[in-house]
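Student: This is the structure I want to talk about, given as C-alpha coordinates.
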Amino acid sequence: MENNKEKSPAELLTEKLLSDKKNGVLRISGEELDAADKFCEDYKYFLDKAKTEREAVSLSTAMAEKAGFERFEEGKKYSAGDKFYFVNRDKAVILTVMGKKDLGSGIRLAAAHIDSPRLDLKQNPLYEDKELCLFKTHYYGGIKKYQWTTVPMSLHGVIVKSNGEKITVNIGEDPEDPVFCVTDLLPHLADAQMKRPAPQLVKGEELNLLIGSRPFKDDKISNKVKLSIMAILNEKYDIVEDDFISAELEAVPAFKARDIGFDRSMVGSYGQDDRVCAYTALKAILDCKDPENTCMTVLTDKEETGSDGNTGLNSSYLPYFISNLAAVYGLEGRNVMSASECLSADVNAAVDPTFSEPFEIRNASQINYGVVATKFTGSRGKSGTSDASAEFVGRIRRLFDKNNVIWQTGELGKVDGGGGGTVAQYIANLDLDVIDVGVPVLSMHAPFEVTSKLDTYMAYKAFSVFFAD
Ligand code: MN
Ligand code: MN
(Lines give C-alpha, C1' and ligand atoms only; values in the text may rest on other atoms or scores of the structure.)
(Ligands and ions follow the chains in the order given, each with its own letter.)
Protein backbone atom coordinates (compact mmCIF):
# COMPACT_ATOMS: atom_id res chain seq x y z
CA MET A 1 0.00 0.00 0.00
CA GLU A 2 1.42 3.38 -1.01
CA ASN A 3 1.57 5.96 1.74
CA ASN A 4 -0.33 9.09 0.77
CA LYS A 5 1.76 11.27 3.03
CA GLU A 6 4.48 13.14 1.23
CA LYS A 7 7.91 11.55 1.42
CA SER A 8 10.68 13.48 3.15
CA PRO A 9 13.71 14.59 1.10
CA ALA A 10 15.80 11.94 2.85
CA GLU A 11 13.27 9.23 1.97
CA LEU A 12 13.23 10.33 -1.64
CA LEU A 13 17.02 10.48 -1.77
CA THR A 14 17.26 7.02 -0.16
CA GLU A 15 14.97 5.65 -2.84
CA LYS A 16 17.01 7.28 -5.55
CA LEU A 17 20.52 6.54 -4.33
CA LEU A 18 20.62 3.51 -2.09
CA SER A 19 20.39 -0.12 -3.01
CA ASP A 20 17.12 -1.76 -1.98
CA LYS A 21 17.47 -5.52 -1.79
CA LYS A 22 14.15 -7.33 -1.42
CA ASN A 23 13.08 -10.94 -1.20
CA GLY A 24 12.12 -12.19 -4.67
CA VAL A 25 8.75 -13.46 -3.44
CA LEU A 26 7.80 -9.82 -2.70
CA ARG A 27 8.86 -8.75 -6.17
CA ILE A 28 7.01 -11.15 -8.46
CA SER A 29 3.36 -11.81 -9.25
CA GLY A 30 1.38 -14.75 -7.91
CA GLU A 31 1.16 -16.08 -11.47
CA GLU A 32 4.93 -16.10 -11.87
CA LEU A 33 5.36 -17.82 -8.50
CA ASP A 34 2.87 -20.48 -9.67
CA ALA A 35 4.89 -20.86 -12.86
CA ALA A 36 8.01 -21.40 -10.74
CA ASP A 37 6.28 -24.12 -8.69
CA LYS A 38 5.03 -25.81 -11.84
CA PHE A 39 8.46 -25.62 -13.48
CA CYS A 40 9.99 -27.47 -10.53
CA GLU A 41 7.67 -30.47 -10.87
CA ASP A 42 9.53 -31.48 -14.04
CA TYR A 43 12.80 -30.47 -12.42
CA LYS A 44 12.23 -33.00 -9.61
CA TYR A 45 11.57 -35.70 -12.21
CA PHE A 46 14.90 -34.83 -13.88
CA LEU A 47 16.72 -35.05 -10.52
CA ASP A 48 15.29 -38.53 -9.90
CA LYS A 49 16.03 -39.85 -13.39
CA ALA A 50 19.46 -38.29 -13.97
CA LYS A 51 21.58 -38.96 -10.89
CA THR A 52 24.85 -39.46 -12.76
CA GLU A 53 26.55 -37.76 -15.72
CA ARG A 54 25.75 -40.72 -17.99
CA GLU A 55 22.07 -40.70 -17.00
CA ALA A 56 21.92 -36.91 -17.39
CA VAL A 57 23.32 -37.23 -20.93
CA SER A 58 20.87 -39.95 -21.94
CA LEU A 59 17.85 -38.14 -20.46
CA SER A 60 18.93 -34.77 -21.92
CA THR A 61 19.42 -36.19 -25.40
CA ALA A 62 16.05 -37.97 -25.20
CA MET A 63 14.40 -34.67 -24.21
CA ALA A 64 16.32 -32.90 -27.00
CA GLU A 65 15.15 -35.38 -29.63
CA LYS A 66 11.58 -34.87 -28.47
CA ALA A 67 12.15 -31.13 -28.95
CA GLY A 68 13.36 -31.65 -32.52
CA PHE A 69 17.12 -31.80 -31.99
CA GLU A 70 19.16 -34.14 -34.19
CA ARG A 71 22.48 -35.84 -33.58
CA PHE A 72 25.34 -33.62 -34.81
CA GLU A 73 26.83 -34.51 -38.19
CA GLU A 74 30.40 -33.40 -38.66
CA GLY A 75 30.87 -31.27 -41.78
CA LYS A 76 27.16 -30.57 -42.27
CA LYS A 77 26.23 -26.97 -43.08
CA TYR A 78 23.44 -26.09 -40.68
CA SER A 79 21.05 -23.18 -41.28
CA ALA A 80 19.32 -20.74 -38.93
CA GLY A 81 16.93 -22.51 -36.57
CA ASP A 82 18.57 -25.94 -36.96
CA LYS A 83 18.91 -27.80 -33.67
CA PHE A 84 21.44 -30.52 -32.92
CA TYR A 85 23.41 -32.17 -30.13
CA PHE A 86 26.89 -33.61 -29.82
CA VAL A 87 27.68 -36.28 -27.21
CA ASN A 88 31.17 -36.68 -25.77
CA ARG A 89 31.85 -40.24 -24.50
CA ASP A 90 28.33 -40.57 -23.03
CA LYS A 91 29.33 -38.17 -20.21
CA ALA A 92 28.97 -34.69 -21.68
CA VAL A 93 26.70 -33.13 -24.28
CA ILE A 94 26.67 -29.91 -26.31
CA LEU A 95 23.23 -28.76 -27.54
CA THR A 96 23.12 -26.14 -30.26
CA VAL A 97 20.48 -23.95 -31.92
CA MET A 98 21.82 -22.14 -34.99
CA GLY A 99 21.22 -18.41 -35.04
CA LYS A 100 20.14 -16.07 -37.83
CA LYS A 101 23.43 -14.20 -37.62
CA ASP A 102 26.71 -15.49 -38.95
CA LEU A 103 28.54 -17.80 -36.52
CA GLY A 104 31.39 -15.27 -36.62
CA SER A 105 29.25 -12.85 -34.59
CA GLY A 106 29.71 -15.22 -31.64
CA ILE A 107 27.89 -17.86 -29.66
CA ARG A 108 25.76 -17.48 -26.54
CA LEU A 109 26.96 -20.34 -24.37
CA ALA A 110 25.57 -21.71 -21.10
CA ALA A 111 27.82 -24.23 -19.34
CA ALA A 112 26.65 -26.41 -16.46
CA HIS A 113 28.04 -29.63 -15.01
CA ILE A 114 26.24 -32.95 -14.57
CA ASP A 115 28.68 -34.75 -12.27
CA SER A 116 28.06 -34.52 -8.51
CA PRO A 117 29.87 -35.68 -5.39
CA ARG A 118 29.38 -39.40 -4.76
CA LEU A 119 31.14 -42.66 -3.86
CA ASP A 120 32.79 -44.44 -6.80
CA LEU A 121 33.53 -48.16 -6.54
CA LYS A 122 37.22 -49.01 -6.61
CA GLN A 123 38.51 -51.29 -9.39
CA ASN A 124 38.79 -54.25 -6.97
CA PRO A 125 35.79 -53.40 -4.81
CA LEU A 126 34.35 -56.72 -3.67
CA TYR A 127 35.39 -58.23 -0.31
CA GLU A 128 34.13 -60.12 2.69
CA ASP A 129 34.91 -59.22 6.30
CA LYS A 130 33.36 -60.63 9.50
CA GLU A 131 30.98 -62.60 7.27
CA LEU A 132 29.54 -59.48 5.67
CA CYS A 133 30.04 -58.50 2.03
CA LEU A 134 31.11 -54.95 1.10
CA PHE A 135 32.34 -52.75 -1.75
CA LYS A 136 35.42 -50.56 -1.32
CA THR A 137 34.74 -47.02 -2.56
CA HIS A 138 36.74 -43.92 -3.43
CA TYR A 139 34.84 -40.70 -2.88
CA TYR A 140 34.43 -38.33 -5.85
CA GLY A 141 34.42 -34.55 -5.32
CA GLY A 142 34.62 -32.62 -2.08
CA ILE A 143 32.50 -34.20 0.64
CA LYS A 144 32.13 -34.16 4.41
CA LYS A 145 32.63 -37.91 4.63
CA TYR A 146 30.62 -38.40 7.82
CA GLN A 147 27.48 -37.19 5.96
CA TRP A 148 27.59 -40.22 3.64
CA THR A 149 27.16 -42.94 6.27
CA THR A 150 23.77 -44.51 7.12
CA VAL A 151 22.17 -43.06 3.98
CA PRO A 152 20.31 -45.43 1.61
CA MET A 153 22.39 -45.61 -1.55
CA SER A 154 21.75 -46.80 -5.10
CA LEU A 155 24.31 -47.98 -7.67
CA HIS A 156 24.56 -46.51 -11.17
CA GLY A 157 26.98 -46.94 -14.03
CA VAL A 158 28.42 -49.35 -16.54
CA ILE A 159 30.43 -52.57 -16.52
CA VAL A 160 32.48 -53.46 -19.59
CA LYS A 161 32.97 -57.22 -19.74
CA SER A 162 36.09 -58.99 -21.03
CA ASN A 163 34.37 -59.51 -24.40
CA GLY A 164 33.70 -55.75 -24.69
CA GLU A 165 29.99 -55.97 -23.96
CA LYS A 166 28.74 -53.01 -21.92
CA ILE A 167 26.22 -53.60 -19.11
CA THR A 168 24.24 -50.67 -17.72
CA VAL A 169 23.57 -50.77 -13.98
CA ASN A 170 20.83 -48.89 -12.12
CA ILE A 171 19.79 -50.53 -8.87
CA GLY A 172 18.25 -49.00 -5.76
CA GLU A 173 15.97 -46.43 -7.42
CA ASP A 174 12.88 -48.56 -8.01
CA PRO A 175 10.87 -48.97 -4.76
CA GLU A 176 11.12 -52.75 -5.30
CA ASP A 177 14.94 -52.62 -5.51
CA PRO A 178 17.26 -53.25 -2.58
CA VAL A 179 19.52 -50.38 -1.50
CA PHE A 180 23.00 -50.27 0.04
CA CYS A 181 24.63 -48.22 2.79
CA VAL A 182 27.83 -47.21 4.54
CA THR A 183 27.63 -48.19 8.21
CA ASP A 184 28.71 -46.06 11.19
CA LEU A 185 29.63 -46.83 14.76
CA LEU A 186 26.99 -46.71 17.51
CA PRO A 187 27.46 -43.71 19.89
CA HIS A 188 27.86 -46.09 22.83
CA LEU A 189 31.19 -47.29 21.47
CA ALA A 190 32.29 -44.16 19.63
CA ASP A 191 34.36 -42.51 22.39
CA ALA A 192 37.59 -42.83 20.41
CA GLN A 193 35.96 -42.03 17.04
CA MET A 194 34.32 -38.87 18.41
CA LYS A 195 37.74 -37.55 19.45
CA ARG A 196 38.99 -37.66 15.85
CA PRO A 197 39.12 -34.30 14.00
CA ALA A 198 36.02 -33.86 11.79
CA PRO A 199 37.75 -34.56 8.43
CA GLN A 200 38.73 -38.00 9.83
CA LEU A 201 35.54 -38.65 11.80
CA VAL A 202 34.81 -41.12 9.03
CA LYS A 203 37.95 -41.82 7.01
CA GLY A 204 38.06 -42.36 3.25
CA GLU A 205 38.86 -46.05 3.70
CA GLU A 206 35.89 -46.40 6.03
CA LEU A 207 33.38 -45.51 3.32
CA ASN A 208 32.64 -49.17 2.61
CA LEU A 209 29.30 -50.07 1.11
CA LEU A 210 27.35 -52.93 2.73
CA ILE A 211 25.99 -55.23 0.01
CA GLY A 212 25.17 -58.64 1.53
CA SER A 213 25.28 -61.02 4.48
CA ARG A 214 24.13 -64.55 3.57
CA PRO A 215 26.87 -67.16 3.13
CA PHE A 216 26.97 -69.81 0.44
CA LYS A 217 26.03 -73.16 2.01
CA ASP A 218 29.27 -75.07 1.43
CA ASP A 219 31.97 -75.77 4.01
CA LYS A 220 34.74 -76.33 1.47
CA ILE A 221 35.39 -72.64 0.78
CA SER A 222 36.14 -69.46 2.73
CA ASN A 223 34.56 -66.11 1.76
CA LYS A 224 31.15 -67.74 1.50
CA VAL A 225 29.22 -64.44 1.59
CA LYS A 226 31.39 -62.95 -1.13
CA LEU A 227 30.78 -66.00 -3.31
CA SER A 228 27.01 -65.89 -2.81
CA ILE A 229 26.90 -62.16 -3.70
CA MET A 230 29.11 -62.71 -6.77
CA ALA A 231 26.77 -65.55 -7.80
CA ILE A 232 23.82 -63.15 -7.60
CA LEU A 233 25.73 -60.54 -9.64
CA ASN A 234 26.67 -63.19 -12.18
CA GLU A 235 23.05 -64.24 -12.54
CA LYS A 236 21.76 -60.66 -12.78
CA TYR A 237 24.47 -59.06 -14.94
CA ASP A 238 26.41 -62.04 -16.32
CA ILE A 239 29.67 -60.71 -14.87
CA VAL A 240 32.66 -62.15 -12.99
CA GLU A 241 34.71 -60.43 -10.29
CA ASP A 242 37.42 -59.24 -12.71
CA ASP A 243 34.81 -57.30 -14.69
CA PHE A 244 34.80 -54.64 -11.97
CA ILE A 245 38.26 -53.67 -13.26
CA SER A 246 36.63 -52.14 -16.34
CA ALA A 247 33.55 -50.73 -14.65
CA GLU A 248 32.42 -47.28 -13.56
CA LEU A 249 29.94 -47.76 -10.75
CA GLU A 250 28.78 -44.82 -8.69
CA ALA A 251 26.96 -45.03 -5.35
CA VAL A 252 24.57 -42.10 -4.85
CA PRO A 253 21.77 -41.40 -2.38
CA ALA A 254 18.72 -43.49 -3.26
CA PHE A 255 16.05 -41.10 -2.05
CA LYS A 256 13.88 -39.00 -4.36
CA ALA A 257 13.59 -35.23 -4.78
CA ARG A 258 11.01 -33.78 -2.38
CA ASP A 259 9.34 -30.46 -1.64
CA ILE A 260 10.69 -28.82 1.49
CA GLY A 261 8.70 -26.64 3.89
CA PHE A 262 5.04 -26.27 4.83
CA ASP A 263 4.85 -23.79 1.95
CA ARG A 264 6.56 -26.26 -0.45
CA SER A 265 8.80 -23.37 -1.51
CA MET A 266 12.02 -25.40 -1.79
CA VAL A 267 13.32 -28.60 -3.35
CA GLY A 268 15.47 -31.09 -1.46
CA SER A 269 17.45 -33.66 -3.44
CA TYR A 270 20.78 -35.27 -4.13
CA GLY A 271 22.85 -33.69 -6.90
CA GLN A 272 21.35 -30.22 -7.21
CA ASP A 273 24.94 -28.95 -7.59
CA ASP A 274 24.82 -28.66 -10.48
CA ARG A 275 21.71 -30.30 -11.92
CA VAL A 276 19.70 -27.24 -10.90
CA CYS A 277 21.69 -25.26 -13.48
CA ALA A 278 22.02 -28.19 -15.89
CA TYR A 279 18.25 -28.64 -16.02
CA THR A 280 17.49 -24.92 -16.35
CA ALA A 281 20.17 -24.42 -19.03
CA LEU A 282 18.89 -27.53 -20.82
CA LYS A 283 15.27 -26.32 -20.73
CA ALA A 284 16.37 -22.89 -21.97
CA ILE A 285 18.11 -24.34 -25.04
CA LEU A 286 15.23 -26.77 -25.73
CA ASP A 287 12.79 -23.83 -25.64
CA CYS A 288 15.08 -21.54 -27.66
CA LYS A 289 13.34 -20.44 -30.89
CA ASP A 290 14.95 -18.62 -33.84
CA PRO A 291 17.74 -16.89 -31.90
CA GLU A 292 19.80 -14.08 -33.42
CA ASN A 293 23.12 -15.58 -32.32
CA THR A 294 23.84 -19.29 -32.29
CA CYS A 295 23.05 -20.63 -28.82
CA MET A 296 24.64 -23.54 -27.00
CA THR A 297 24.21 -25.36 -23.73
CA VAL A 298 27.08 -27.59 -22.68
CA LEU A 299 26.45 -30.10 -19.91
CA THR A 300 29.87 -31.23 -18.81
CA ASP A 301 31.48 -33.86 -16.64
CA LYS A 302 34.38 -33.74 -14.13
CA GLU A 303 33.75 -30.26 -12.66
CA GLU A 304 33.76 -31.67 -9.14
CA THR A 305 37.27 -33.07 -9.58
CA GLY A 306 38.73 -29.95 -11.21
CA SER A 307 37.51 -30.23 -14.83
CA ASP A 308 40.53 -32.28 -16.00
CA GLY A 309 40.08 -35.31 -18.24
CA ASN A 310 38.60 -35.60 -21.72
CA THR A 311 35.01 -35.09 -20.56
CA GLY A 312 35.83 -32.02 -18.43
CA LEU A 313 35.93 -28.41 -19.61
CA ASN A 314 39.66 -28.08 -18.97
CA SER A 315 40.06 -30.38 -22.00
CA SER A 316 39.67 -29.47 -25.65
CA TYR A 317 36.35 -31.07 -26.54
CA LEU A 318 34.42 -27.78 -26.49
CA PRO A 319 36.93 -25.71 -28.55
CA TYR A 320 37.34 -28.64 -30.95
CA PHE A 321 33.58 -28.81 -31.44
CA ILE A 322 33.29 -25.06 -32.01
CA SER A 323 36.27 -25.14 -34.39
CA ASN A 324 34.78 -28.01 -36.39
CA LEU A 325 31.48 -26.16 -36.65
CA ALA A 326 33.24 -22.91 -37.61
CA ALA A 327 35.30 -24.63 -40.32
CA VAL A 328 32.16 -25.51 -42.27
CA TYR A 329 31.50 -21.76 -42.68
CA GLY A 330 35.13 -20.98 -43.50
CA LEU A 331 35.70 -19.45 -40.05
CA GLU A 332 38.44 -19.95 -37.47
CA GLY A 333 37.16 -21.48 -34.24
CA ARG A 334 39.26 -19.09 -32.17
CA ASN A 335 37.62 -16.06 -33.81
CA VAL A 336 34.17 -17.48 -33.08
CA MET A 337 35.14 -18.08 -29.44
CA SER A 338 36.64 -14.59 -29.06
CA ALA A 339 33.32 -13.11 -30.18
CA SER A 340 31.29 -15.36 -27.85
CA GLU A 341 29.76 -14.89 -24.40
CA CYS A 342 29.18 -17.48 -21.70
CA LEU A 343 27.10 -17.88 -18.59
CA SER A 344 28.95 -20.40 -16.46
CA ALA A 345 25.87 -22.03 -14.97
CA ASP A 346 26.86 -23.20 -11.51
CA VAL A 347 25.49 -22.89 -8.01
CA ASN A 348 26.59 -20.59 -5.23
CA ALA A 349 26.30 -21.04 -1.45
CA ALA A 350 23.14 -19.64 0.12
CA VAL A 351 23.41 -18.05 3.56
CA ASP A 352 22.55 -20.66 6.20
CA PRO A 353 20.88 -19.13 9.29
CA THR A 354 22.37 -21.87 11.47
CA PHE A 355 25.88 -21.48 10.07
CA SER A 356 26.01 -17.83 8.99
CA GLU A 357 29.49 -17.07 10.35
CA PRO A 358 31.48 -18.02 7.19
CA PHE A 359 29.32 -15.72 5.00
CA GLU A 360 29.95 -12.03 4.38
CA ILE A 361 26.35 -11.04 4.53
CA ARG A 362 26.53 -7.93 2.30
CA ASN A 363 27.84 -10.03 -0.58
CA ALA A 364 26.48 -13.52 0.04
CA SER A 365 23.57 -15.00 -1.88
CA GLN A 366 20.27 -15.79 -0.19
CA ILE A 367 17.45 -18.24 -0.80
CA ASN A 368 14.55 -16.59 -2.70
CA TYR A 369 16.56 -13.56 -3.79
CA GLY A 370 16.75 -14.94 -7.31
CA VAL A 371 19.44 -16.32 -9.59
CA VAL A 372 22.98 -15.36 -8.49
CA ALA A 373 25.51 -13.58 -10.69
CA THR A 374 28.97 -14.24 -9.25
CA LYS A 375 31.66 -11.95 -10.66
CA PHE A 376 34.51 -14.10 -9.38
CA THR A 377 35.10 -17.28 -7.39
CA GLY A 378 38.48 -18.73 -6.37
CA SER A 379 40.25 -18.47 -3.04
CA ARG A 380 42.66 -16.21 -1.15
CA GLY A 381 43.60 -13.22 -3.36
CA LYS A 382 41.16 -14.23 -6.13
CA SER A 383 43.42 -17.17 -6.99
CA GLY A 384 42.12 -19.68 -9.53
CA THR A 385 39.29 -17.62 -10.95
CA SER A 386 37.93 -15.83 -13.95
CA ASP A 387 37.01 -12.37 -12.71
CA ALA A 388 34.28 -11.13 -15.08
CA SER A 389 34.93 -7.61 -16.40
CA ALA A 390 32.83 -4.66 -15.25
CA GLU A 391 31.73 -4.30 -18.87
CA PHE A 392 30.40 -7.84 -19.06
CA VAL A 393 28.78 -7.65 -15.62
CA GLY A 394 27.17 -4.41 -16.78
CA ARG A 395 25.85 -6.09 -19.91
CA ILE A 396 24.37 -9.01 -17.93
CA ARG A 397 22.92 -6.61 -15.34
CA ARG A 398 21.11 -4.63 -18.06
CA LEU A 399 19.90 -7.84 -19.72
CA PHE A 400 18.42 -9.28 -16.51
CA ASP A 401 16.86 -6.00 -15.36
CA LYS A 402 15.31 -5.34 -18.78
CA ASN A 403 13.68 -8.78 -18.74
CA ASN A 404 12.52 -8.76 -15.09
CA VAL A 405 14.82 -11.57 -14.05
CA ILE A 406 14.98 -11.58 -10.24
CA TRP A 407 18.69 -11.77 -9.53
CA GLN A 408 21.28 -11.07 -6.87
CA THR A 409 25.04 -10.91 -6.61
CA GLY A 410 27.01 -13.50 -4.67
CA GLU A 411 30.44 -14.19 -3.31
CA LEU A 412 31.53 -17.57 -1.95
CA GLY A 413 32.11 -16.84 1.76
CA LYS A 414 34.32 -14.39 3.60
CA VAL A 415 37.74 -13.40 2.26
CA ASP A 416 40.25 -16.11 3.22
CA GLY A 417 37.40 -18.25 4.56
CA GLY A 418 37.91 -21.01 2.00
CA GLY A 419 36.73 -20.81 -1.60
CA GLY A 420 36.05 -22.81 -4.69
CA GLY A 421 35.85 -22.60 -8.45
CA THR A 422 33.69 -23.40 -11.44
CA VAL A 423 34.24 -24.05 -15.14
CA ALA A 424 34.21 -20.26 -15.75
CA GLN A 425 38.01 -19.98 -15.72
CA TYR A 426 38.51 -22.71 -18.34
CA ILE A 427 36.01 -21.10 -20.69
CA ALA A 428 37.44 -17.63 -20.06
CA ASN A 429 40.87 -19.04 -20.95
CA LEU A 430 39.45 -19.72 -24.44
CA ASP A 431 38.96 -15.91 -24.74
CA LEU A 432 35.20 -15.78 -24.19
CA ASP A 433 33.54 -13.29 -21.83
CA VAL A 434 32.23 -15.34 -18.89
CA ILE A 435 30.31 -14.80 -15.68
CA ASP A 436 28.99 -17.35 -13.19
CA VAL A 437 25.20 -17.36 -13.05
CA GLY A 438 23.39 -19.98 -10.99
CA VAL A 439 21.16 -20.93 -8.10
CA PRO A 440 21.94 -20.52 -4.38
CA VAL A 441 22.08 -23.85 -2.52
CA LEU A 442 21.91 -24.85 1.14
CA SER A 443 23.89 -27.91 2.33
CA MET A 444 25.92 -27.96 -0.90
CA HIS A 445 27.73 -31.29 -1.55
CA ALA A 446 25.66 -33.05 1.12
CA PRO A 447 23.57 -36.11 0.15
CA PHE A 448 20.45 -33.89 0.37
CA GLU A 449 20.85 -30.34 -0.99
CA VAL A 450 18.29 -27.54 -0.84
CA THR A 451 17.27 -24.93 -3.45
CA SER A 452 14.37 -22.49 -3.81
CA LYS A 453 11.80 -22.95 -6.55
CA LEU A 454 11.75 -19.21 -7.25
CA ASP A 455 15.53 -19.09 -7.71
CA THR A 456 15.46 -22.18 -9.94
CA TYR A 457 12.81 -20.67 -12.17
CA MET A 458 14.77 -17.42 -12.34
CA ALA A 459 17.83 -19.35 -13.53
CA TYR A 460 15.73 -20.76 -16.37
CA LYS A 461 14.54 -17.23 -17.16
CA ALA A 462 18.11 -15.87 -17.04
CA PHE A 463 19.44 -18.47 -19.50
CA SER A 464 16.39 -17.99 -21.74
CA VAL A 465 16.74 -14.20 -22.03
CA PHE A 466 20.48 -14.60 -22.60
CA PHE A 467 19.76 -16.87 -25.57
CA ALA A 468 16.97 -14.63 -26.87
CA ASP A 469 19.01 -11.43 -26.61
MN1 MN B 1 28.99 -26.91 -9.10
MN1 MN C 1 30.24 -28.60 -6.49
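The values are calculated or read from the model by the stated rules, or taken from the named source; none is laboratory data. All of these numbers come straight from a predicted model, not from anything done at the bench. We place every Cβ from the backbone using ideal geometry, glycine too, and count neighbours over all the protein chains shown. Side chains included, ligands, DNA and RNA excluded: accessible areas come from the protein's heavy atoms. Shrake-Rupley method; radii C 1.70, N 1.55, O 1.52, S 1.80 Å.
Student: Return yes when I229 is open to solvent by less than 40 Å² (accessible area, probe 1.4 Å), at negative phi and outside any loop (DSSP other than H, G, I, E, B) and no when it is not.
Tutor: Yes; evaluated as a whole, the condition is true for this residue.
Student: Report, ordered by the first and then the second residue, all pairs with beta carbons closer than 9 Å, sequence separation of six or more or different chains, a first member in segment 61-73 that is over 18 Å from A281 (Cβ atoms), and a second member that is part of a helix (DSSP H, G or I) and of a type in the set (V, I, T).
Tutor: Once the first residue is over 18 Å from A281 (Cβ atoms) and sits in segment 61-73, its partners that are part of a helix (DSSP H, G or I) and of a type in the set (V, I, T) give R71/T61.
Student: Further question: Residue pairs, Cβ under 7 Å, 6 or more apart or interchain, first in segment 148-176 and touching a residue at least 60 places away in the same chain (Cβ under 8 Å), second loosely packed, with under 15 Cβ neighbours inside 10 Å and part of a strand (DSSP E or B). List them.
Tutor: That search, which allows pairs on different chains as well, returns V158/K166; V158/T168; V160/K166.
Student: Being open to solvent by 40 Å² or more (accessible area, probe 1.4 Å) and of a type in the set (S, T, N, Q) is the filter; apply it to segment 99-148 and report the residue that is farthest from ligand 2 (Cβ to nearest atom).
Tutor: Top of the filtered list is S105.
Student: Which of the numbered conditions does R89 fail, given that it passes all the others? Conditions: (1) open to solvent by less than 20 Å² (accessible area, probe 1.4 Å); (2) touching a residue at least 60 places away in the same chain (Cβ under 8 Å).
Tutor: Unmet condition: (1).
Student: Any idea which residue in segment 424-439 is nearest to ligand 1 (Cβ to nearest atom), counting only those that are in a strand (DSSP E or B) and farther than 12 Å from D387 by Cα?
Tutor: Among them, the one singled out is G438.
Student: Sticking with this one: Return yes or no: is P319 away from ligand 1 (no atom under 15 Å from the Cβ), open to solvent by 10 Å² or more (accessible area, probe 1.4 Å) and within 30 Å of S443 (Cβ to Cβ)?
Tutor: no
Student: Could you list, in sequence order, the residues of segment 3-33 that are exposed (fewer than 12 other Cβ atoms within 10 Å of the Cβ), among the hydrophobic types (A, V, I, L, M, F, W, C) and either assigned by TED's automatic domain parsing to the domain that holds N404 or under 21 Å from W407 (Cβ atoms) (or both)?
Tutor: L17, L18, L26
Student: Another question, then. Please determine, by comparing only the residues of segment 238-276 that are open to solvent by 30 Å² or more (accessible area, probe 1.4 Å) and in a helix (DSSP H, G or I), which one is nearest to G157 (Cα to Cα).
Tutor: S246
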